[in-house]
Amino acid sequence: MITSVLSFAGTILLFNGMKRVHKLLPTPLLLPIVTSTAILIMVLLLTGTAYEAYMEGGEFISMLLGPAVVALAFPLHDQWDRLKKHILLLAGASLAGTLIGLFSGMYMAILFGMDSEIIRSLIPKSVTAPIAMDIASMIHGIPALAAVYVMVAGISGSMFGPFLMRKLLIQNPIAVGIGYGAASHGVGTARALEYGEQEGAVSSAAMTFSAIFASLLCPHIAALLL
């Protein structure tokens, strides 16, 4: 019971602390999700705490993942009148982003000679974690490993997305939202919301489209190319 309370409260306090650090030093390497995850890993290793023991309290935070994803529908609803004018653009760009995400990860893994099971786990890396894990299971990958790849894709997109947007002079709210939503799913959508409500709504729509397209395409891609 004590371990559950400590892991639950400690994780929340740590994340809030890292948010304050990021506000003082707003660099990509100090994103709260990056620093808090790294510190948690170090604490667990240094104290010899088993992951299972940590998750006695951490699972309550994991349970909030579903409601958090659903909550992303609120900006989508608020911006719907504006978004429906660009629905074909959103769908087409999300499909392109999904295909690039699927094939880029798969071919890089094949290039480096990775095991087939690992490649199958890598294919759905650019969709939100619950769906990616279901897809990985369906195409005979490793769901837990798929969740790790999803986390890496989300964090890296959130870290380096702003830099790429600046360098490529991408300022259009729809382009920004599609980029984050199609490449970095939920974490990217949270990042897009920092730009504005319209960017967050577009990112939420792109994330949804990408999840649908990936669910339909992944089994066929895995069957044909692996």
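The values are calculated or read from the model by the stated rules, or taken from the named source; none is laboratory data. All figures in this text were calculated on a predicted structure; none of them were measured in a lab. All Cβ positions, glycine included, derive from the backbone under ideal geometry; neighbour counts span all protein chains shown. When the accessible area is computed, the model is the full protein with side chains, heavy atoms only, and any ligands, DNA or RNA have been set aside. Shrake-Rupley method; radii C 1.70, N 1.55, O 1.52, S 1.80 Å.
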In the stretch 40-75, what count of residues is obtained for those that are open to solvent by 60 Å² or more (accessible area, probe 1.4 Å) and touching a Phe, Trp or Tyr at 6+ places or on another chain (Cβ under 8 Å)? 1
Would you mind stating whether Val152 is part of a helix (DSSP H, G or I), surrounded by fewer than 20 Cβ atoms within 10 Å (Cβ to Cβ) and under 13 Å from the mean Cα position of the chain (by Cα)? yes
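Residue check: is Gln171 surrounded by fewer than 23 Cβ atoms within 10 Å (Cβ to Cβ) and in contact (Cβ under 8 Å) with a residue 40 or more places away in the chain?
On the way: surrounded by fewer than 23 Cβ atoms within 10 Å (Cβ to Cβ): yes; in contact (Cβ under 8 Å) with a residue 40 or more places away in the chain: no.
No.
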Could you check how many residues of the stretch 51-76 are in a helix (DSSP H, G or I) and free of Cβ contacts under 8 Å to residues at least 40 places away in the same chain? 8
Would the stretch 14-29 turn up any residue that is within 26 Å of Met207 (Cα to Cα), at pLDDT below 85, surrounded by 14 or more Cβ atoms within 10 Å (Cβ to Cβ) and within 18 Å of the chain's Cα centre (by Cα)? yes
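Only one of Gly113, Gly105, Gly141 is over 18 Å from the mean Cα position of the chain (by Cα), open to solvent by less than 20 Å² (accessible area, probe 1.4 Å) and farther than 22 Å from Leu30 by Cα; which? Give the steps one after another, and end with the answer.
Numbers: Gly113 fails: open to solvent by less than 20 Å² (accessible area, probe 1.4 Å); Gly105 fails: over 18 Å from the mean Cα position of the chain (by Cα).
The conditions single out Gly141.
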Residue in the stretch 81-95 that is farthest from the chain's Cα centre (by Cα), counting only those that are touching a residue at least 60 places away in the same chain (Cβ under 8 Å) and open to solvent by less than 90 Å² (accessible area, probe 1.4 Å): His86
Taking Pro162, is it part of a loop (DSSP other than H, G, I, E, B) and open to solvent by less than 20 Å² (accessible area, probe 1.4 Å)? no
Which of the residues that make up the stretch 174-196 are over 12 Å from the mean Cα position of the chain (by Cα), surrounded by fewer than 24 Cβ atoms within 10 Å (Cβ to Cβ) and in a helix (DSSP H, G or I)? Ile174, Ala175, Val176, Leu193, Glu194, Tyr195
